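A short write-up of the structure that comes next.
The values are calculated or read from the model by the stated rules, or taken from the named source; none is laboratory data. Owing to the predicted nature of the structure, the values given are computational and were not obtained by experimental measurement. No Cβ is skipped: glycine too gets one built from the backbone with ideal geometry, and neighbour counts run over all protein chains shown. We work out accessible area using only protein heavy atoms, side chains counted, and drop any ligands, DNA or RNA first. Shrake-Rupley method; radii C 1.70, N 1.55, O 1.52, S 1.80 Å.
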Amino acid sequence: MIRKHSTTLHGHRTSFSLEDAFWDELKTIASARRLSIAALIAEIDDARPADSNLSSALRLYVLAWLKQQAPTT
């Protein structure tokens, strides 16, 4: 299920839509990195290309994180 989430980035409210699985992984990643979920989202937002949207950037971050954690064979 896709859910809408809201947060404040650089003093402005913004919202994004994510599937529950991506949201759960973001929370797991934030915990593993000892960051708040808001801090992780702000970091991802700061690093994303100007022409991409936040929802896509969050999904791609989760994908990259999971690929990095996967054992190599």
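Tabulated data for the structure shown
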{"read-out": "The chain - mean residue ellipticity at 222 nm from DSSP helices (-39,500 (n - 2.57) per run, n ≥ 4, rounded to 500)", "value": "-17500 deg cm²/dmol"}
{"read-out": "Residues with amide H under 5 Å from that of Leu9, placed H, sequence gap 5 or more", "value": "Thr14"}
{"read-out": "Highest to lowest packing among 47-55, 16-24, scored as the average C-beta count within 10 Å", "value": "16-24, 47-55"}
{"read-out": "Cα→Cβ-extended label distance, 7 Å offset, between Arg34 and Ala50, nm", "value": "3.6"}
{"read-out": "Loop-located trypsin sites (Lys or Arg not before Pro) in the range 1-66 whose Cβ has at most 13 other Cβ within 10 Å (DSSP)", "value": "Arg33, Arg34"}
{"read-out": "Paramagnetic reach from Ala21 in the range 36-70 [backbone N under 14 Å; point 7 Å along Cα→Cβ]", "value": "59-60, 62-64, 66-67"}
{"read-out": "Computed over the chain, Cα set: Rg, Dmax in Å", "value": "12.3, 44"}
{"read-out": "Solvent-accessible area per residue for the chain (1.4 angstrom probe, square angstrom)", "value": "68"}
{"read-out": "HN-Hα J in Hz across the range 25-35 - Karplus 6.51, -1.76, 1.60, θ = phi - 60°, x for Gly and Pro", "value": "5, 4, 5, 5, 4, 4, 5, 4, 8, 6, 10"}
{"read-out": "Sequence-distant residues sharing a close amide H with Glu19 (under 5 Å, placed H)", "value": "Arg3"}
